[in-house]
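Shown next, in structure tokens, is the structure this report addresses.
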Amino acid sequence: MLLYGGRHSRSAVDNRARHTICRWITGSRRLSYSHFSVLPLCHRGMRYARRMNGYSEVPHNGEINNYLRKDLDAKATAKNTACWNLLGKVRTKRTLCFSLYTALELCGVELPRHSTLPQKDFYVTVRSKGTRSSLDNVDYRIWNAKFNSIAFSNGVTCMHPMDAWIQFAQYLNLTELVVLAEALIRRYGYAIEQFTQRLTAFHRVIGRARCEAALKLVKPSDSVQETRTRLALMLFGLPIPQTQYGITDSENGYTYTVDMAYPQYKVAIEYDGDHHRRFRKQYVRDQQKRRRLRQLGWTVIEVFADDLWNTAKQRAFAQEVATAMQIPLPGRPQPSCRVLIDGSLTINARKGEYRRRKQAKHNKASQH
């Protein structure tokens with residue numbers, strides 16, 4: 001393992017870390033550990049797909065997506081370097097498996113929000129308390145399961161992203177589990193069946209029911225905020241919108257792609273984040289597209305991050321869409337999406353039920 005100092009400069013190490021992000025292990029070598037299996041990162045679809053989920057790597061807002069992809073890659077490189085430096089402080093031969101937030105960062109995946117798990121510099125998953133080390137800034141999580149891991153060419157090892165998604169189930173609500181699953185699909189082109197197969201491979205999972213419910217709501221999406229927008233509409237009873245919908249202009253033959261649409265009502269929905277205004281050409285194209293769609297008789301609703309901030313604002317946004325569709329807002333999910341308000345799927349729902357039963361038993365005993 002290279003260490004800073006001597007003939008190896010910091011820039012050389014950073015370049016090597018950057019290289020490990022771009023070039024995954026391609027050999028057939030499989031490292032064997034009693035706790036977890038380490039797979040080459042090209043294994044199980046772990047490569048950047050040129051076409052994922054039916055749309056190209058550079059979709060209609062490709063300039064923005066490329067910017068976001070590069071930003072995630074840069075963060076992954078930085079995290080890989082930080083993890084690699086941390087390994088230099090380890091005095092044992094035991095392999096550290098980075099997990100949870102750290103694994104997602106290493107794999108260039110957007111991080112979930114509204115998690116009961118706080119963000120820290122490093123997360124490492126071990127099998128038992130006895131295998132923990134005394135490293136600073138490292139949060140150890142115990143998971144006695146045979147999860148898969150992936151190894152970078154510089155020796156950094158992290159949990160496989162799909163297994164990290166399963167481990168996150170105990171810390172994320174249903175919405176954020178859907179958001180994270182779609183982020184993994186967007187990044188690596190996984191099929192929903194792969195998540196299902198991986199989930200069944202574990203004997204015990206905290207949040208298994210939440211995972212199974214989340215997979216029923218997963219669809220290809222272009223961004224995390226687009227996913228949250230779709231789920232907000234479904235939460236208040238609107239039909240599931242068509243995503244990445246193409247609208248053809250019969251006059252010029254152009255096809256305009258919108259984030260979401262209700263074609264029957266000629267209502268289009270476009271998410272507009274701050275990064276959309278970072279690129280002038282893209283911003284101008286978006287505005288010209290929306291102006292033309294309005295000329296064609298479509299209602300185009302722009303949604304911003306603030307519209308999704310809390311339940312009250314999500315309801316107001318859903319009401320705006322319902323008004324444009326000229327239908328009443330149901331206010332609760334349709335039967336197929338009722339899992340969005342299923343109290344048994346909330347975080348720590350089983351613990352809450354246990355406390356309620358215990359309290360009820362105590363109250364009953366005190367009455368006698």
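The values are calculated or read from the model by the stated rules, or taken from the named source; none is laboratory data. All of these numbers come straight from a predicted model, not from anything done at the bench. Neighbour counts are summed over all protein chains in view; Cβ atoms, including those assigned to glycine, are modelled from backbone coordinates with ideal geometry.
Here are a few things to note about the model shown:
- Residue in region 161-169 that is among the polar types (S, T, N, Q) and within 30 Å of ARG338 (Cβ to Cβ) present: yes
- Selection status of VAL126, closer than 21 Å to TRP84 by Cβ and in contact with a Cys (Cβ under 7 Å, 6 or more places away or on another chain): no
- So LYS120, is it touching a His at 6+ places or on another chain (Cβ under 9 Å), in a loop (DSSP other than H, G, I, E, B), in the same structural domain as LYS75 (by TED's automatic domain parsing) and not small (Gly, Ala, Ser): no
- Residues within region 254-271 that are surrounded by fewer than 24 Cβ atoms within 10 Å (Cβ to Cβ) and either of a type in the set (Gly, Ala, Ser) or not in a strand (DSSP E or B) (or both), tallied: 6
- Pairs where the first residue, in region 192-208, is closer than 22 Å to THR175 by Cβ and the second is in a loop (DSSP other than H, G, I, E, B), C-beta under 6 Å, 6+ apart: ILE192/VAL218; ILE206/GLN170; GLY207/ALA169; GLY207/GLN170
- Selection from region 100-117 of residues that are more than 20 Å from ILE347 (Cα to Cα) and assigned to a loop (DSSP other than H, G, I, E, B): CYS107, GLY108, VAL109, GLU110
- Number of the exception - GLN194 against (1) buried (at least 17 other Cβ atoms within 10 Å of the Cβ); (2) in the same structural domain as CYS83 (by TED's automatic domain parsing); (3) in contact with a helix residue (DSSP H, G or I) (Cβ under 7 Å, 6 or more places away or on another chain): (1)
- Some residue of region 68-76 being within 24 Å of PHE147 (Cα to Cα) and acidic (Asp, Glu): no
- Hey, VAL218 within 20 Å of SER336 (Cβ to Cβ), assigned to a loop (DSSP other than H, G, I, E, B) and among the hydrophobic types (A, V, I, L, M, F, W, C) or not: yes
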